[in-house]
Amino acid sequence: MKVKKKFLLFLFISTLSLHSNALKPSFEEIKVMPSSYAKDYYSWRLIKEKKTTKKQAIKAYSWAKRKGAKLRKAIRKKVGYVPRTKGTIKRVKDPKNFIISPALAVKKSLKSRKRLYKKIQAQGKYSDVLKVFATKKPFENLKLVSPKTQAYILNSISSKYRKKYFNHTFSSEQLRELSNEKQFNKTIHKIVTTPKLQKAKKSLVFDSAINGLNFEGNFLLAMNAVEFSKINHAINFLTMARTKTTHRTKHDQVDFWLYLLTDYQGFLEPIANSTQVSIYSLRANDILNKPYPSVVTPLLDKKEIKDFNISNPIDWEKIKLKMKEKPKEINQLAENYKSAETVGVYSYLKEKASKYTIPYYPMPYPRAMEGFTKERKAILYAIARQESRFIPASVSPSYALGMMQIMPFLIKHLSKERNEKMDLNKMFNPYVAISYADQHMDYLDKWLYHPLFTAYAYNGGIGFTKKRVLKTKHLFKKGKYEPYLSMELIDYVESREYGKKVLTNYVIYLNLLGKETKLSPLLNILKYPSRTDRFRK
């Protein structure tokens, strides 16, 4: 880190002296906190402390809203086991059904599966799972079980096993039955986003006047049809997808693809005038030579907000409770936080009050970014808006912390690079969060030269971006519908949508920072690997 940045960080933290005290609540203080991921985070930290008794740890574990992997690991280390949660409803099992998961079944040898299947049959029992796997050709036996069980099996096996034994053609009858099964939406995702399942993928290009699939299932079937140049099938699935949702952004997504497939510009007008800013609305405006939609960037005066600490996650939880208690008064609630220091909270509330029809793009804490390029400021703002909506005290279910939502393991790594001691709670200080995110961005910039790929890496990790996005042969290649098709086929849904939203934010913020920018050139650059990343030529 540059000396100037270090000095500025010290200065900014000093100016936040009222807010920068790391909250280290006691057992009794955590006990009365409202149920939230923030409470889970503090419970997790409490359990890990040496002075916490086993009795206290078990009690703190019982408070958790979400008993995730980190929390389970901490309590197991503390007391030697994971306590059973009270109130868990036991499912009534069919005593004649031998329960074994597909994932466990395939770990056994074929000989063992056959022997086990014969054994339970001799006992007068049955197993839908073993009926499928007690054979050399499990795909053929799929037809012998219910559509629900078929989807369950297809979703539960490993990707490697699916490629080896289930890359086969589904029959028309199977597809007719499966297309009305809720779990089949997940199956479609697993098949369509896996290029090595070509036979299975090709069979998913089928005629269906109506189906019971959701938006995601129908949309991915449309993308799959596009891959096989079956445009009429794609249009059919897109038309069905549009009827499965009321979300404006998803309507824009479908209409943009209908434009791509038909070249009919009539689809673009509604997208260009959409209340939702997205890559689809920006691209539509580019094609129609229209200006981008206006956004709100509040410029607020400094004002002390009483009884509120921007670095305290519980104070933020209390605001969320107020929103739930009085949803019709959110607009008035926003006025209580109309200050430069709490512009993130103010903008969040105002946008929510408008039911997200008025896009807010605040630019808080500008002094934390003094000396940064406009591109660096834009990507940090773009990510912060997507990660936390600029709420400094945000805590995710997996304990990503602060405005920039940095994971504890990464905080530890970055602080080690700085050779400084870092308590995780300091990440709730927005100036610290920006500084650490900027440091992480320095690393990402060594490998990635495009904001879309930077977004993927920030969300899913550099390894994910390299192996499952850039080093595959089916994504970001030359083609009539690129890069749009690749952007829709990222196999990790969260990163897929995250990338599109951050790219949108990046373009908006560059314009707000005074650098006139269009989305289209950024999309065109994706055709040239040498200009987007260091992993490809």
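At a glance:
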{"read-out": "Anisotropy class of the stretch 313-531 from Cα gyration tensor, a/c 1.5 cut", "value": "prolate"}
{"read-out": "Chain lengthening between residue 473 and residue 528 when straightened (0.36 nm per residue, less Cα-Cα)", "value": "18.4 nm"}
{"read-out": "C-alpha center-to-center spacing [the stretch 200-274, the stretch 298-328] in angstrom", "value": "40 Å"}
{"read-out": "Entries in 67/201; 70/303; 148/250; 201/320; 136/196 that, when Cα-Cα distance is taken, lie over 32 Å", "value": "67/201; 70/303; 201/320"}
{"read-out": "Ranked by how many other beta carbons lie within 10 Å on average, peptides 111-121, 362-372 from highest", "value": "362-372, 111-121"}
{"read-out": "GluC sites (Glu not before Pro) within the stretch 371-473, DSSP loop, no more than 14 other Cβ atoms inside 10 Å", "value": "420"}
{"read-out": "Convex hull of Cα atoms in the stretch 33-87, direction-averaged projection (nm²)", "value": "3.5 nm²"}
{"read-out": "Cα shape, the stretch 366-439, gyration tensor, a/c 1.5 rule", "value": "oblate"}
{"read-out": "Distant-in-sequence amide H partners of residue 360 (H built 1.01 Å from N, under 5 Å)", "value": "296"}
{"read-out": "Proxy reagent accessibility, fewest Cβ within 10 Å first, across 243, 194, 187, 297", "value": "243, 297, 194, 187"}
{"read-out": "Spatially proximal aspartates and glutamates relative to residue 412 (Cα-Cα < 16 Å; intrachain offsets below 8 disregarded)", "value": "420, 423, 438"}
{"read-out": "Violating pairs (Cα-Cα greater than 22 angstrom) within the set 199/466; 318/350; 111/202; 302/374; 55/421", "value": "199/466; 111/202; 302/374; 55/421"}
{"read-out": "Cα gyration tensor shape of the chain, rounded if a/c is under 1.5, else prolate or oblate by comparing a/b with b/c", "value": "oblate"}
{"read-out": "Under 5 Å, built H, 5+ apart or other chain: amide partners of residue 533", "value": "449"}
{"read-out": "Virtual spin-label span in nm between residue 103 and residue 480, 7 Å along Cα→Cβ", "value": "4.0 nm"}
{"read-out": "Residues 110, 46, sorted so that the one with the fewest Cβ neighbours within 10 Å comes first", "value": "110, 46"}
{"read-out": "The stretch 182-273: chymotrypsin sites (Phe, Trp or Tyr not before Pro) in DSSP loop, at most 12 other beta carbons within 10 Å", "value": "264"}
{"read-out": "Label-zone membership for the stretch 162-205, site residue 232, 7 angstrom Cα→C-beta point, backbone N under 16 Å", "value": "205"}
{"read-out": "Burial ordering of 221, 197, fewest other beta-carbon atoms within 10 Å first", "value": "197, 221"}
{"read-out": "The chain, helix-only ellipticity at 222 nm - DSSP H runs n ≥ 4, -39,500 (n - 2.57), divided by all residues, nearest 500", "value": "-15500 deg cm²/dmol"}
{"read-out": "Approximate spin-label separation residue 115-residue 420, in nm, with each point projected 7 Å along Cα-to-Cβ", "value": "6.1 nm"}
{"read-out": "³J(HN,Hα), Karplus 6.51/-1.76/1.60, whole Hz, each residue of the stretch 503-513, x for Gly, Pro", "value": "4, 4, 4, 4, 5, 4, 5, 4, 5, 5, 7"}
{"read-out": "Summed residue charge, Cβ within 14 Å of residue 513's Cβ, Lys/Arg positive, Asp/Glu negative", "value": "+2"}
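Laboratory data are not the source of any read-out in this text; all were calculated from the coordinates shown. Quick caveat: nothing in here was measured; it's all calculated off a predicted structure. Methodologically, a virtual Cβ is constructed for each residue, glycine included, from the backbone with ideal geometry; neighbour enumeration extends over all protein chains shown.
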